[in-house]
Amino acid sequence: MGAAAYAHQAENLSLDYDEPAAQWVEALPLGNGNLGAMVFGGVQEARYQLNEDTLYVGEPHDYSKPNAHKSLEGVRELLFKGEQHKAEYLANTEMMSDPFTQIPYQTLGDIKIKFEGHKDYTNYNRSLNLTDATSVTTYTVGDINYTRTAIASYPDNVIVIKLEADKPGALTFSTELSTPNRNRRISAEGNRINLSGKLVGAFKSVQYRVDRKFENPLRFHAILDLDLDGGSMETVNNTLKVTAANSATITFTADSSYVNYRDVSGDPQAVCESRLKAIDASSWDTLMQRHLEDYQKLFNRVSIDLGSTGQEHKMTNDRLIAASEEDNDPGLASLIYQYGRYLMIACSRAGTQPSNLQGIWNKSNTPPWGSRYTVNINTQMNYWPAEMTNLSECHEPLFAALEDLAESGSITAKNHYNCRGWVLHHNFDLWRGTAPINGANHGLWTTGGAWLCQHLWWHYEYNEDRTFLQRAYPIMKGAAEFFADFLIEDPRNDKGWLISTPSHSPENGGLVAGATMDHQIIRDLFRNVIAASEVLDTDTEFRTQLQSMVPKIAPNQIGQHGQLQEWLEDKDDPNNKHRHVSHLWALHPGEEINWQDTPELFEAAKQSLNFRGDQATGWSMGWKMNFWARFLDGERAKKIYDNFTSVNNVKGISKTKGGLYPNLFCAHPPFQIDGNFGATAGITEMVMQNHIKTQDGTRLIHLLPALPSQWATEGHLTGLKARGGITVDVHWKDGKVTKASFLSVKDQEVPVKVGDETKMISLKANTPFTL
């Protein structure tokens, strides 16, 4: 990225507010994948709400139900007879997980810093700067200016808060560490506060008829370390009290006894003490420098400028309200785009848990949907931007989880279906539960793992990493083995179609035999496993089996309304506005339906999306943005973006059910982080697409396929990734490409589409090429 581009980006990529956060969705998120903090920016009391990514209720546990497969044929037979309710009853009774639901993510607690005499203040500002991942709060009391700067460092696995005043001896405050978990012990001694505890030993859900006790729940430990420049410190009732310091640095870390999904024997106190000992001699400047080197190495790869209408000086709340009133602010779109990348870096790093429904940030011990991993779209959407926006490293926690899930899922595959390979239904948790949960009408859905395998193949395609493919292939193959056994010939007709049953179209229409989405995902999985086996020159016999099965899987069909059918039966309701648009999976994130290869299905999918409408929950609008970009309709994609950015509880104003909260978190509602990532992916798809293959199988790089007119005046998006290990920069003016640059990891010929013209360019390894 050029210096001028970086300067422009750095100037505008900040969330700014002129008052403290009064509610959680106004606080600003910091994270390093393992630790998370929501910064409220209070003056008299500064609150930092804390999370640690392994704090889940429960203990190592196999959720699968032995001999559930004995009811499989009965459920199928009832579905073939059209007796859906009886099939669901039998499945609920005999085929669901044990217990009936999975276990929730927990909050850790709070750091609170209290300042006496700071009631009357002026010049207040709090911000989250995306270019350096810092949260800064500034204000003035009398003639003294106060500054608090916070970071979440991945290299040192700590949260650090620097407190400063511009006059010597002006810092007098107290700080404490607390948790809502009842089994706790807090002690302050010297310059430290230690918090130790154990999560609850039971979980009860009236809704899902669960009353479970745990013999070995997770233990956790946290340490707050306070270092002063000048002044004095004393401990009073487990609180550290500071008088007349020049500056102060709070360093926080936490850990649990979680080692892996089978082992909770860790020593969290020893881990915390080891982390702090490793940085004992490190100054604030040194910690900040390590943090910046790590973070900016990732974040600075991509620069975006969608234009400016001079709104950047406004507070973020005011920008959101103005945008909701149809005030064009392309700079806000650039901010939202990079916010998605920031959030990914902050909540998904190697060695941490994957990004869950709330990323890593959760204020509750009873969070919505358990703040788990919902894999009938939400977890996948969290990772849509990973490869295309040049954050491949952030994909790693998902891949590590998939290695676990392939193990636990193999038990579920055997117990529930008597099949080889492994299976994952619509949710998993820290304990890698893979069995169907909550209810057969939406939980008995077998393609969650198959869908996640798409991400393994993407990572190989984007990075050309054969070593990674050798790691990923057994997981992909295991998922394909399951469906090679699970698919059956539909007995209701003589077409010989292979179908997936029992299943459903996620959260819509109940249990069925043969949902369109299932078949799209399974075809994609089989094709990717075939291609991977060819790259690795292995499993010829299994490859041949999959090649013979692909054309027999029930095809996409066009129904009576000109729509893409959601089920085998032509029963779609044109008035159904359901948030899930599952039968369009083959359009996005799949590639089977596209403008080049399947024009009739392409138009049918468009009809289906028109029926669903432009309003939806936040994450659903994130998906629809990507759909309309794939339809090459930039104006409709921008309309969805406008709906997505409607205000939700911003200065008391709400204009939509979904939209964005004051801190730009996506509102389902409540908060789900997937929509933030969906929006970043959607804007990328408006500027560059790379899913279509030419006749020889080469991926087409399509520049500005769906750029909205309001963003077309002049701009750039640089540092994107295309398949084949290609980095792409694109600049435009008046809606036309003015410059496109490419950098490839290998020698290759690549087709590039600009407007109506497609050119073949010749790229040399590690040699820049400008079109």
Problem - trypsin sites (Lys or Arg not before Pro) lying in DSSP loop within region 59-99, provided at most 12 other Cβ fall within 10 Å - result: K81
Problem - Share of alpha-carbon pairs per 10 Å distance bin for region 572-646, given as whole % - result: 21, 56, 22, 1
Practice task
Describe numerically, in nm with one decimal, the distance between label points set 7 Å from Cα along Cα→Cβ at N260 and at E326.
Solution key: 5.7 nm
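So, counting K/R as plus one and D/E as minus one, what does the shell of residues with Cβ under 12 Å around A513 add up to?
Values: positive: R76, K81, R492; negative: E77, E83, E489, D490, D518, E569.
Net charge in that neighbourhood comes out at -3.
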Practice task
At 7 Å along the Cα-to-beta-carbon direction for both F542 and S178, put a label point, then send me their distance in nm to one decimal.
Solution key: 5.4 nm
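Restricting attention to region 276-352, which GluC sites (Glu not before Pro) occupy a DSSP loop and are surrounded by at most 14 other Cβ atoms within 10 Å? Let's see the in-between values first.
Values: sites: E293, E312, E325, E326; in loops: E312, E325, E326.
Passing both the DSSP loop test and the Cβ count: E325, E326.
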Handout entry: L717, L707, reordered so the largest accessible area comes first (probe 1.4 Å)
Key = L707, L717
Handout entry: Cα shape, region 473-516, gyration tensor, a/c 1.5 rule
Key = oblate
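How much area per residue is accessible in region 610-738 when the probe is 1.4 Å and only protein heavy atoms are counted (Å²)? Show your work: numbers first, answer last.
On the way: 3510 Å² over 129 residues.
Counting only protein heavy atoms, the per-residue value for region 610-738 is 27 Å².
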Fill in the blank from the handout: Rounded to whole angstroms and listed largest first, the alpha-carbon spread of region 208-360 along its three principal axes comes to 56, 54, 32
Problem - Hz values of 3J(HN,Hα) by residue in region 566-574 - Karplus curve (6.51, -1.76, 1.60), Gly and Pro given as x - result: 7, 9, 4, 7, 8, 10, 4, 9, x
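What is the extension gain from T366 to D267, computed as 0.36 nm multiplied by their sequence separation minus the C-alpha to C-alpha distance, in nm to one decimal? Before the final figure, lay out each step's value.
Details: separation 99, 0.36 × 99 = 35.64 nm, distance 2.59 nm.
Taking T366 through D267 to full extension adds about 33.1 nm, to one decimal.
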Handout entry: Solvent exposure, largest accessible area first (probe 1.4 Å, DNA, RNA and ligands not counted), of E215, E189, E164
Key = E215, E189, E164
Fill in the blank from the handout: Computed from every Cα-Cα pair in region 107-203, P(r) in 10 Å bins starting at 0 and rounded to whole percents is 12, 35, 33, 17, 3, 0
Handout entry: Solvent-accessible area of H580 with every protein chain in place, 1.4 Å probe, in Å² to the nearest 10
Key = 0 Å²
Exercise for the section: Find the eigenvalues of the gyration tensor of the Cα atoms of region 658-754, then list the square roots of 5 times those eigenvalues as equivalent ellipsoid semi-axes, largest first, in whole angstrom. Expected result: 29, 17, 12
Practice task
Assign one of three labels to region 353-425, namely rounded, prolate or oblate, based on the Cα gyration tensor with a ≥ b ≥ c the square roots of its eigenvalues; rounded applies when a/c is under 1.5, prolate when it is not and a/b is larger than b/c, and oblate otherwise.
Solution key: oblate
Practice task
Sort E541, E26, E534 from largest to smallest accessible area, using a 1.4 Å probe on the heavy atoms of the protein chains.
Solution key: E541, E534, E26
Completion exercise
At R0 = 30 Å the Cβ-Cβ FRET efficiency linking T738 and E393, nearest 0.05, sits at 0.45
Problem - the chain - mean residue ellipticity at 222 nm from DSSP helices (-39,500 (n - 2.57) per run, n ≥ 4, rounded to 500) - result: -9500 deg cm²/dmol
Handout entry: Size descriptor, Kirkwood hydrodynamic radius, that averages inverse alpha-carbon separations across the chain, Å
Key = 27.1 Å
Practice task
Can you figure out the FRET efficiency of D229 with S762, using R₀ = 56 Å and their beta-carbon distance, to the nearest 0.05?
Solution key: 0.40
Fill in the blank from the handout: So, for the Cα atoms of region 153-233, Rg and Dmax in Å stand at 18.8, 60
Exercise for the section: State, in angstrom, two size descriptors of region 593-691 derived from its alpha carbons: Rg to one decimal place and Dmax to the nearest whole number. Expected result: 14.0, 48
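So how much slack lies between T122 and K70, counting 0.36 nm per residue of separation and subtracting their Cα-Cα distance, in nm?
Values: separation 52, 0.36 × 52 = 18.72 nm, distance 7.01 nm.
Length gained, T122 through K70: 11.7 nm.
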Completion exercise
Rounded to a whole %, the carbon-and-sulfur portion of the accessible area of region 635-771 at a 1.4 Å probe is 47 percent
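So, with a 1.4 angstrom probe, what is the percent of accessible area on region 305-429 that is carbon and sulfur?
Numbers: 1380 of 2940 Å².
Of the solvent-accessible surface of region 305-429, carbon and sulfur hold 47 percent.
Might you tell me the accessible area per residue for region 21-102, computed with a 1.4 Å probe and given in Å²?
Values: 2770 Å² over 82 residues.
Ligands and nucleic acids excluded, the figure is 34 Å² per residue.
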Exercise for the section: Once you have the Cα-Cα distance between E19 and V236, take 0.36 nm times their residue separation minus that, and quote the gain in nm to one decimal. Expected result: 75.1 nm
Handout entry: region 108-166: trypsin sites (Lys or Arg not before Pro) in DSSP loop, at most 10 other beta carbons within 10 Å
Key = K119
Problem - Accessible area per residue in Å² at 1.4 Å probe, computed on region 419-498 - result: 27 Å²
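Please work out whether region 413-484 counts as rounded, prolate or oblate from its C-alpha gyration tensor, where a ≥ b ≥ c are the square roots of the eigenvalues and a/c under 1.5 means rounded, while otherwise a/b larger than b/c means prolate and anything else oblate?
Numbers: a/c = 2.54, a/b = 1.86, b/c = 1.37.
Prolate, since a/c reaches 1.5 and a/b exceeds b/c.
Pairs to check: K70/K495; K114/K314; K495/K606; K213/K414; K736/K759. Give those whose C-alpha atoms are more than 24 Å from each other in this structure.
Numbers: K70/K495 27 Å; K114/K314 29 Å; K495/K606 27 Å; K213/K414 26 Å; K736/K759 16 Å.
Cα-Cα > 24 Å for K70/K495; K114/K314; K495/K606; K213/K414; rest within.
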Practice task
State the percentage of accessible surface on region 119-162 attributable to carbon and sulfur atoms; use a 1.4 Å probe and exclude ligands, DNA and RNA.
Solution key: 43 percent
Problem - Sites S274 and D166, calculated FRET efficiency, Cβ-Cβ separation with R0 45 Å, nearest 0.05 - result: 0.80
Fill in the blank from the handout: Along region 102-107, Karplus-curve 3J(HN,Hα) (6.51, -1.76, 1.60; θ = phi - 60°) to the nearest Hz, with x for Gly and Pro, reads 9, 9, x, 6, 10, 7
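The values are calculated or read from the model by the stated rules, or taken from the named source; none is laboratory data. Everything numeric in this text was worked out from a predicted model, so none of it was measured. Positions of Cβ are generated from backbone atoms using ideal geometry, with glycine treated the same way; all protein chains shown enter the neighbour counts. Remember, those area values only see protein heavy atoms, side chains included, never the ligands or the DNA or RNA. Shrake-Rupley method; radii C 1.70, N 1.55, O 1.52, S 1.80 Å.
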